[in-house]
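First up is the structure itself, then whatever we jot down about it.
The values are calculated or read from the model by the stated rules, or taken from the named source; none is laboratory data. Values in this document were obtained by computation on a predicted structure and should not be read as measured data. Ideal geometry is used to build each Cβ from the backbone, glycine not excepted, and the neighbour counts take in all protein chains shown. In case anyone asks, the SASA skips ligands and DNA or RNA and just uses the protein heavy atoms, side chains included. Shrake-Rupley method; radii C 1.70, N 1.55, O 1.52, S 1.80 Å.
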Amino acid sequence: MEFVFGNFAIILPSLHITIIAISVIFFLVRWSKQSEESRFKVFLYFLISTYITPIYSRSTTEGVFQLLIPLGFISVFVYLIHSKSNHPSKMKASILGLCIAIYQLISNMPVSLCYSTYALHNQKRSYNKPARSLSIHTMVKAKLC
């Protein structure tokens, strides 16, 4: 969405991103009020748990393969399990952060799936033989593109 006001414009993200952001902020404010300790820690646990990082990366001629994990959530979860001041609102905030991390993982996936499906399709094709049909699993990956 873009709102133009003379010499400047306000550009907002798509509607579903805006709705998700508003609901995340609403839940975090609500859970921070339930916490007995400092309210800011709930936001901190949420932000840390949204972090994803590659644990394995390989570059080939077809592209780059990265295996990503939500390392932020794993570290916050381990800390909260071993901590004495384990509050349910902190755990809720970290699980909400895990949901955002999973969204990031899914939003990064289709580009690599499209490219790898295209590369697999071209490797299977032989110019002497007719093109083989792709498996259903590969066709499902191609529809994500």
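If you scan region 4-21, which residues turn out to be assigned to a helix (DSSP H, G or I) and surrounded by 10 or more Cβ atoms within 10 Å (Cβ to Cβ)?
Residues satisfying the conditions are Ile17, Thr18, Ile19, Ile20, Ala21.
Which residue is most open to solvent (accessible area, probe 1.4 Å), if the candidates are limited to region 53-72 and must be outside any strand (DSSP E or B) and closer than 15 Å to Gln104 by Cβ?
Leu71
Given (1) out of contact with any strand residue (DSSP E or B) (no Cβ under 9 Å at 6 or more places or on another chain); (2) more than 21 Å from Ile17 (Cα to Cα), identify the lone condition not met by Ile102.
Condition not satisfied by Ile102: (2).
Please list, ordered by first then second residue, the pairs with beta carbon atoms under 7 Å, 6 or more apart or interchain, first in region 1-27 and modelled with pLDDT of 90 or more, second surrounded by 10 or more Cβ atoms within 10 Å (Cβ to Cβ) and not in a strand (DSSP E or B).
Val24/Leu96; Phe27/Leu96
Looking at (1) open to solvent by less than 70 Å² (accessible area, probe 1.4 Å); (2) out of contact with any Gly (no Cβ under 6 Å at 6 or more places or on another chain); (3) not aromatic (Phe, Trp, Tyr), which is the one condition that is false for Thr50?
Condition (2) is where Thr50 drops out.
Tally the residues that are under 19 Å from Arg39 (Cα atoms) and open to solvent by less than 70 Å² (accessible area, probe 1.4 Å), restricting the search to region 74-108.
The qualifying residues number 12.
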